[in-house]
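Here's the structure, in structure tokens; my notes come after.
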Amino acid sequence: MMSKHLLVPESAMVRGVRDVTEDTVLIDVVFDEKEAGDAFTYLPGQFAELTMFGVGECPISITSTPTRQALEFAVRDVGNVSHAIHNLQAGDRLGVRGPFGNCFPVQDMVGKDILFVAGGIGLAPVRSLINYALDNRSEFGRIDIVYGARTPGLLCFSGEYDSWRRAPRCRLHLTVDSEAPGWTGTVGFVPRVVNDLGLEPGGRVVVVCGPPVMIKFVLADLARAGYADQDVITTLELKMKCGVGKCGRCNIGSKYVCLDGPVFRLSDLKALPQEF
Amino acid sequence: MNPGCLDKAGIEDALMHLAASRDVFAPVREGGTLEFRRLPAGGLVFLGPEKTLLPLKTLYLPMTEDVFSRCMKAGETGMEIAAPMERDRVVFGALGCDIATLHLLDPVLLGEPPDEAYRERRERTAIVALACKGEGPECFCSSCDIDPACPGGSDVVLTDVGDAFLFDALTEKGSRILETLDGRLREATDDELATARSFDSTAADNIPLAKIPEDFADLWEADLWDDLASRCIGCGVCTLLCPTCYCFDVQDEQRGTESKRFKTWDSCMFSEFTRMAGGDNPRDTKRSRVRQRFLHKLQYYSSEHGKAACVGCGRCRVHCPVGIGIDEVITRLARGKVPGEVKGGGE
Amino acid sequence: MSEHGMPETTMEDNLRTTAAEFLGRTPGACFIGYEAAPQGGTRPVFLRSAGDAGRLVWNRWCYANLTAYLPEMNGGEGLIGIAVKGCDARALRELVRAGQIERARLFVVGLPCTGLSALDGDTLAGRCHGCMYPEDFVYDATLGPMETPDLPHRADVAVEENPAGKTVEERRRFWEAELDRCIRCEACRKICYACYCPECIFEKTDPRWSSRRRDHADKFFFHAVRAMHLAGRCIGCGECERACPAGVRLMLLNRSLQRDVEVLFGYRGAGVDENVAPPLTTVSRDDPEFTVERTSP
């Protein structure tokens, strides 16, 4: 944390904005002060609170990987603040607080095969981990990525798919929920595509992130296929404000999503009050 | 030598003398309510065993607190950060229940990363407690490991010994306050000392905080939640007046060319507390919010920090428009796993 | 003895019997009434079994307007028994008129009230001055005749003794001081029968109409808007003032607007007359402000 005061953001500039899907933009930010940039060290899974001055703050997962230069956020237009972010242009200023939250347990994933399952904008935090793993390729086993969205226009980060396909021992399985003109790939809900892969547990770690209903079905199928709860990792999305476990909003049981999450193993999730 | 005493007739003068070198806060009755106000204030200072409406937390976590302001003109990037306080402070007449809350707020607000504004207020505020017997019908501080007659966490304890207050410094900070009042204090008489020693708590000590089950799963489906939720109107008065509630909202507003960020009190009882942009709300029923309030205060907080976050002041019970009191909830939860135990009225 | 010549304990027994019978013969129903609060006084109680009817009480401290719970229950299932005083029955009439609860779901038990005690003693509660029962209200059961009792009709404080003062400047200073105590808990809104909007304008965040900054301007905006939204619908039950932890004298505002509606529209009060709706909730072609301009023949 750079600032003396908890809720004061660091000033940053938007270096680039581009559309990622019809309702999501990718912004690439750079801190105004070099020390702030140097101090912002993060790991995949963490998030930041982005300030649109005069409008408000919202928590956004970091979608870039710390193994590369850019600091990137993918923002879907759902409310006041995210809407204001959609109107940003290169050169505009915003505030950044963070990084907050825990990260994906990469140490525990070393040497193991990984199955990434994502739906819609859920790919954003997962992308950080995928690229991190590919940048540290020798540390991890085989990688399978199942990613789907309602329509082809809602598939995020399509510019990266080729690099994922080309990476060694890495397979990408894309799908959309229903037939669409011009789409020649797989059609089917993400949980079904995961099932069809028929991947045995064998020490594999699964990272699941996406709409609640998708997660629910995937988790049920994984349990049936014999995956242990501690090998299944997901992220929780709750309203968050302070990012440091003080405003009380993201409290679940004796945990705070902004401190003890947003990354949770399924075994940890099951021990929480089922209220998310 | 007996401790110092100050005759009641000289109190206001002594407070104003202190106010020359630091900010002095005391309970003041104005417009029908008793509140901590900075002296000199419009109404009368009242030092007695009556709780202020708003608890002591108001002085450490103000209802509205500016964080920073920023000029919104193009090209401007600077932020002006609000300073939490100017002069050192002393609070007079705080009661044991209120003071105990600071030890319950500290683990949260001073936990890494600390709320610097709160920390500064904690460090630079001396507390002159008023010994109390916990005589209100709503008081159950003694059930919460609090001795109202000698409140822990104070720097000086004042005891009402008739026509005077006995001053007893407990810390270095407290001694310095007494030094500032040097010359105004006289030695206490033996009678006055005896009166002070006879100060005993009469607050209810049978509210079974410690018997609340440790696993929230045992309490999750209790019929108690339906019973409370049917009556509760979701006003949040319980949380706003609760000394240990600290939830806050962060808002940014722009007026003209200036934007400001401020913190302000919020409540888990408000329906929009956990509502996300886009409309999803994991606690969108009153039942789930009522359950959250009590489980957080009595069970989740306790499993994190070792002690339930209740000081037995009874403000929630006194001010709840529909007669819900946390003492009753504790008693019912402490009965354990058995759900559906709604029997009789108000047990 | 009550004014109607029946000992109140008999009325209480009747209430319990009536509620027990209703619950006994109506599976899945609930009965909303008053029970003794452990800290003294009474509080609302929701009963679901006939065996619990012994919890019900009826006395001079039964302040709550239980009809305020009904809008949330609208659209649900099961019959609802409810105990209402005269003032509460007026609120009930307006709720039914506004479609906030179906009359067919209700089993309304009339409590003949001859005035409640002031919170701090035995004198008549301020809210009971000027008591007016609804006319021709159909109850499903009553514990006695439901008629407006003969109570002192205090001169309208809003006009005669208005502590806020006569000039705009005096009133501005009065309300600044009064609302200084307000903590924006919005208990007044949540306890009010007439505040039944599923999403109140003050709960909206997109856009956000009212700041939570708790400045005087924000607080005054909240109270002024609420008073305006209530104008003509307030039944003067005073629950807002009772719920307010800070003792803000909200009834001064509400009574003032009520008086204005009376004077401007000749309206006797919410829920009094079955056939006359609160003036600000209706539009009529006879309204002087209602002009229809034809833009084409």
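Computed over segment C:8-142, the alpha-carbon pair-distance distribution with 10 angstrom bins reads 12, 44, 35, 8, 0, each value a whole percent. Each peptide in A:141-148, B:112-119, C:166-173 was scored by the mean count of other Cβ atoms within 10 Å over its residues; highest first, the order is A:141-148, B:112-119, C:166-173. Taking only alpha carbon atoms, segment B:173-217 gives an Rg to Rh ratio of 1.34, where Rh is the Kirkwood radius. Considering every alpha-carbon pair of segment C:239-283, the percent of pairs per 5 Å bin, from zero through the bin containing the longest distance, is 5, 21, 22, 18, 15, 12, 5, 1. Relative to the dominant Cα principal axis of chain C, helix C:8-25 is inclined by about 80°.
In the protein assembly as shown, the inverse of the mean reciprocal separation of distinct Cα atoms equals 31.0 Å; this is its Kirkwood hydrodynamic radius.
Scanning residues 5 or more positions from residue A:252 or on other chains, those with amide H under 5 Å from its amide H are A:257, with H placed 1.01 Å from N in the peptide plane. Over segment B:89-214, the pair-distance histogram of Cα-Cα distances with 5 Å bins from zero comes to 2, 10, 17, 19, 18, 14, 10, 6, 2, 1, 0 percent, rounded to whole numbers. What the Cα atoms of chain B give is an Rg and a Dmax of 22.1, 72 Å. Please label the shape of chain A as rounded, prolate or oblate, based on the square roots a ≥ b ≥ c of the eigenvalues of the alpha-carbon gyration tensor (a/c under 1.5 means rounded; beyond that, a/b larger than b/c means prolate, else oblate). Judged from the Cα gyration tensor, chain A comes out prolate (a/c at least 1.5, a/b above b/c).
Phi angles across segment B:218-227 convert, under the Karplus curve 6.51 cos²θ - 1.76 cosθ + 1.60 with θ = phi - 60°, into 3J(HN,Hα) values of 6, 10, 4, 9, 4, 4, 3, 5, 5, 4 Hz, Gly and Pro given as x. Remark: the Cα gyration tensor places segment A:1-130 in the oblate category, a/c being 1.5 or greater and a/b not exceeding b/c.
Normalising the Debye intensity of chain C to I(0), with uniform scatterers on Cα atoms only, and taking log10 at q = 0.09, 0.11 Å⁻¹ returns -0.48, -0.72. When a/c is below 1.5 the answer is rounded, else prolate if a/b is larger than b/c, else oblate, so apply that to segment B:215-309 with a ≥ b ≥ c taken from the square roots of the Cα gyration tensor eigenvalues. Prolate is the answer for segment B:215-309, as a/c is 1.5 or above and a/b outweighs b/c. Sorted ascending by nearby beta carbons within 10 Å, beginning with the fewest, C:55, C:189 become C:55, C:189. Across segment C:36-41, computed HN-Hα scalar couplings (Karplus, 6.51 cos²θ - 1.76 cosθ + 1.60, θ = phi - 60°) run 5, 8, x, 8, x, x Hz from first to last residue, x flagging Gly and Pro. Overall shape of segment B:74-149 was characterised from the C-alpha gyration tensor. The equivalent ellipsoid obtained from it has semi-axes of 34, 15, 10 Å, in decreasing order. Rounded to the nearest whole angstrom, the semi-axes of the ellipsoid equivalent to segment A:140-276, taken from the Cα gyration tensor as √(5λ), stand at 29, 19, 15, largest first. For the pair residue A:162 and residue C:289, label points projected 7 Å from Cα toward Cβ lie 6.5 nm apart.
Chymotrypsin sites (Phe, Trp or Tyr not before Pro) within segment C:157-248: which are DSSP loop residues with at most 13 other Cβ atoms inside 10 Å? Answer in residue order: C:209.
Within straight-line reach of residue B:51, meaning a Cα separation under 17 Å, sit the following lysines at least 8 residues removed in sequence or on another chain: B:133. Mean separation of Cα pairs under 8 Å and 6 or more residues apart, divided by the residue count, gives chain A a relative contact order of 18 percent.
Once the gyration tensor of the Cα atoms in segment C:159-280 is diagonalised, the equivalent ellipsoid follows with semi-axes of 23, 20, 13 Å, ordered largest first. For chain A, a Gaussian network of Cα nodes joined below 10 Å ranks A:28, A:135, A:162 by mean-square fluctuation, and the top entry is A:162. Counting only Cα atoms, the size of segment A:182-240 along its three principal axes is 38, 35, 15 Å, in decreasing order. Largest GNM mean-square fluctuation across C:185, C:195, C:131, computed for chain C with C-alpha springs under 10 Å, falls on C:185. For segment C:62-155, pairs of C-alpha atoms spaced more than 19 angstrom apart make up 42 percent of the total. When the P(r) is computed for segment A:61-118, the part past 16 Å accounts for 63% of the Cα-Cα pairs.
Using every pair of distinct Cα positions in segment B:10-71, the Kirkwood expression returns a hydrodynamic radius of 13.1 angstrom. Do the alpha carbons of any pairs in A:216/B:286; A:239/B:73; A:270/B:286; A:239/B:173; A:246/B:173; A:239/B:260 sit beyond 32 Å of each other, and which pairs? Too far apart for the 32 Å limit: A:239/B:173. Listed values for segment C:267-276 are Karplus-derived 3J(HN,Hα) couplings in whole Hz (6.51 cos²θ - 1.76 cosθ + 1.60, θ = phi - 60°), namely 9, 7, x, 4, x, 7, 10, 4, 9, 10, and x replaces Gly and Pro. Extension gain, residue B:175 to residue B:20, is 54.0 nm, computed as 0.36 nm per intervening residue step minus the present C-alpha separation.
With Cα atoms defining each centre, segment B:166-180 and segment A:205-246 are spaced 55 Å apart in the structure.
Bear in mind that the values in this text are calculations on the coordinates, not laboratory data. The model shown is predicted, which means the values in this text are computed figures rather than measured ones. Because the Cβ atoms are built from the backbone with ideal geometry, glycine has one as well, and the counts that use them run over all protein chains shown.
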